[in-house]
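Asker: Below is one structure. I have some questions about it.
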């Protein structure tokens, strides 16, 4: 008889694995006799063994599969000699499960909650240490024979690999100043991530955000990425200079001046930073800022408020003001004033800037877009994610040979304010580019919009 699996176990399984398939979660839990830890390990072993990595993949078990073997189930539950159990990161996963259980069973207020949270952080630190040791061992094992090397090369990635830093994206030469110089020379923004080994949210950031395909593309196109641990000399220098107060710390810095123009830090498992969240902020920032305009000059004396005390919207507005400033910037490479400050009086200027009434589109263009046939959505077409001005996201497929104007027509016909004549711009790529000049003559395929995200903004 199959094990009865309650919704709470399914929810915990989905949270720990990142899967979005409840039926798959139920199957794994039934196979493990309702043991959450064993179910997660089975899921991860299945993924590493060639299973689909798609979150929305179908149930990996056939409909006519036999009922779970109780003997096999008990062996899976009791077998602590598995290599997976020796992985420090598997211990981290176990501790994370205990924390989730404590939050559910004890309301997060008992001494048990404190114990398991300490276990999570300790396991995270152990995983980071093990990762460093493993890297050092591999660097010094040059005398191993070919057979041993062959075995290492064919081992599937373990849990430690899932939480490893995104080395393929990181700039490592020359430390912070080297990354800043590279960003300035290549006219890209400097993206900084400071991590703390005993904070699991830092490791989850490596797993869930920096390895997301859209995020990777955004970073490669618009940023130079520098990541450092808080205990390293470079990390400590950055923490002191930019007054880091919580971890993980993610910031965008103008490499021309060294000023911090946006930051977010201190996530939790309950409110994690997601790939979608970062992608939206990165796209929004790049659409508002450009290297074609001079950086912000030093602020005059006045009532100042540090960036860490501002809301996210205020940080974005501050960054926009910095890029719109026409005065020349000071070269303050060695000045500790490299954190951007904002006067409270500037909020009134923002209201005027953001609240100005848009100009209605010319009747001829507006009417043409409203009357233009968009056609049915093709089954196999160019998939485009459209972020509307109100923050809503619409995903639609277009024929690759359609002109970009069809995209404009779709937006004009599906958005109520656009239908009323409110003028908009469509931004795509990095640095973000207005597609208006390509509306008539370019196709969606020629503009390489397939699989991309575009941002719609009202003209001011």
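The values are calculated or read from the model by the stated rules, or taken from the named source; none is laboratory data. Predicted model only: the values in this text are computed from it and were never measured. Glycine also receives a Cβ, built like all others from the backbone with ideal geometry; neighbour counts cover every protein chain displayed.
Asker: How many residues does the stretch 243-269 contain that are outside any loop (DSSP other than H, G, I, E, B), over 21 Å from residue 166 (Cβ atoms) and out of contact with any helix residue (DSSP H, G or I) (no Cβ under 6 Å at 6 or more places or on another chain)?
Answerer: Residues meeting the conditions: 2.
Asker: I've got another one for you. Exactly one condition in (1) assigned to a strand (DSSP E or B); (2) out of contact with any strand residue (DSSP E or B) (no Cβ under 6 Å at 6 or more places or on another chain) is false for residue 447; which is it?
Answerer: Condition (1) is where residue 447 drops out.
Asker: Let me ask another. Does any residue of the stretch 240-247 turn out to be in contact (Cβ under 8 Å) with a residue 40 or more places away in the chain, closer than 25 Å to residue 283 by Cα and more than 21 Å from the chain's Cα centre (by Cα)?
Answerer: There is at least one residue in the stretch 240-247 that is in contact (Cβ under 8 Å) with a residue 40 or more places away in the chain, closer than 25 Å to residue 283 by Cα and more than 21 Å from the chain's Cα centre (by Cα).
Asker: Now a separate question. Could you please find all residues in the stretch 389-405 being within 30 Å of the chain's Cα centre (by Cα) and within 22 Å of residue 437 (Cβ to Cβ)?
Answerer: The initial filter retains those residues of the stretch 389-405 that are within 30 Å of the chain's Cα centre (by Cα), namely 389-400, 404.
Those that are within 30 Å of the chain's Cα centre (by Cα) and within 22 Å of residue 437 (Cβ to Cβ): 389, 398, 399, 400, 404.
Asker: Related question: Counting only residues that are crowded, with 21+ Cβ neighbours inside 10 Å, more than 13 Å from the chain's Cα centre (by Cα) and outside any strand (DSSP E or B), how many does the stretch 200-234 have?
Answerer: Qualifying residue count, the stretch 200-234: 2.
Asker: Separate question: When residue 401 is evaluated against the numbered criteria (1) touching a strand residue (DSSP E or B) at 6+ places or on another chain (Cβ under 7 Å); (2) surrounded by 19 or more Cβ atoms within 10 Å (Cβ to Cβ); (3) modelled with pLDDT of 90 or more, which criterion, by number, is the only one it fails?
Answerer: Failing condition for residue 401: (2).
Asker: Let me ask you something else. Residues in the stretch 282-290: is at least one outside the structural domain of residue 450 (by TED's automatic domain parsing), surrounded by 16 or more Cβ atoms within 10 Å (Cβ to Cβ) and out of contact with any helix residue (DSSP H, G or I) (no Cβ under 9 Å at 6 or more places or on another chain)?
Answerer: Checked the stretch 282-290: at least one residue is outside the structural domain of residue 450 (by TED's automatic domain parsing), surrounded by 16 or more Cβ atoms within 10 Å (Cβ to Cβ) and out of contact with any helix residue (DSSP H, G or I) (no Cβ under 9 Å at 6 or more places or on another chain).
Asker: If I ask for residues that are modelled with pLDDT of 85 or more and within 27 Å of residue 386 (Cα to Cα), which ones from the stretch 254-273 would you list?
Answerer: Here is the first cut: in the stretch 254-273, the residues modelled with pLDDT of 85 or more are 254-265.
Those that are modelled with pLDDT of 85 or more and within 27 Å of residue 386 (Cα to Cα): 261, 262, 263, 264.
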